[in-house]
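The values are calculated or read from the model by the stated rules, or taken from the named source; none is laboratory data. Since the structure is predicted, the reported quantities are computational estimates derived from the model, not experimental observations. All Cβ positions, glycine included, derive from the backbone under ideal geometry; neighbour counts span all protein chains shown. Calculation scope for accessible area: heavy atoms of the full protein, side chains included, ligands and nucleic acids excluded. Shrake-Rupley method; radii C 1.70, N 1.55, O 1.52, S 1.80 Å.
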Amino acid sequence: MHFILILLVIAGGMGLSVEAGLLGPLGGQVGDLWATFSVFGVGAALTFLLMLFFSPRNSPSFFSQPSWQLLGGVLGPIYVIILTVATPAIGIAMTMIGILAGQVSKSLIIDHFGLLGTPQRKIDHKRIIALIFIIAALVLVAQG
């Protein structure tokens, strides 16, 4: 099961690279904020349709959840705006490796302390080495 999940997240990462490639030119044509809006408008419509057919009918109310969990709704557009602005300037590879470096470094901290309701997973030397390799990739791509 873990192997299938790993393949799914790799495919998701590939999708983000395609999304960045689409957003850069779209932002240049219609504006960065309109491009961002298009991603969330289409995504909201698709999610709504999926909810109609696949969401459990007896799930807890969305509004009964802690308000801090809604921060993803604020962080998502910020992330997409960054993709839209950065990709044309520095390229898809540099944008994605930079995002990966940020994701992994923050993820290690979240895992280490068990923040945001996640299980605690201590930072060990293997995780630090992985982060160093990602930062090395960022430096190498930036120099290339």
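What the table below lists for this structure:
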| read-out | value |
| --- | --- |
| Pair list, Cβ < 9 Å and 6+ apart or interchain, from the stretch 120-135 residues that are at pLDDT 95 or above to residues that are exposed (fewer than 12 other Cβ atoms within 10 Å of the Cβ) | 123/109 |
| Residue count, the stretch 33-64 (criterion: of a type outside the set (Phe, Trp, Tyr) and in contact (Cβ under 8 Å) with a residue 24 or more places away in the chain) | 4 |
| Hits in the stretch 25-58 - residues which are of a type in the set (Ser, Thr, Tyr) and either under 22 Å from residue 103 (Cβ atoms) or open to solvent by 60 Å² or more (accessible area, probe 1.4 Å) (or both) | 36, 47 |
| Residue 82 being closer than 28 Å to residue 133 by Cβ and under 16 Å from the mean Cα position of the chain (by Cα) | yes |
| Qualifying residue in the stretch 87-106 (condition: touching a Pro at 6+ places or on another chain (Cβ under 8 Å), under 30 Å from residue 26 (Cβ atoms) and open to solvent by less than 90 Å² (accessible area, probe 1.4 Å)) | yes |
| Any hit, the stretch 70-85, residues being within 15 Å of residue 17 (Cβ to Cβ), of a type in the set (A, V, I, L, M), free of Cβ contacts under 8 Å to residues at least 40 places away in the same chain and crowded, with 17+ Cβ neighbours inside 10 Å | yes |
| Which numbered condition residue 137 fails, given (1) in a helix (DSSP H, G or I); (2) open to solvent by 60 Å² or more (accessible area, probe 1.4 Å); (3) more than 23 Å from residue 22 (Cα to Cα) | (2) |
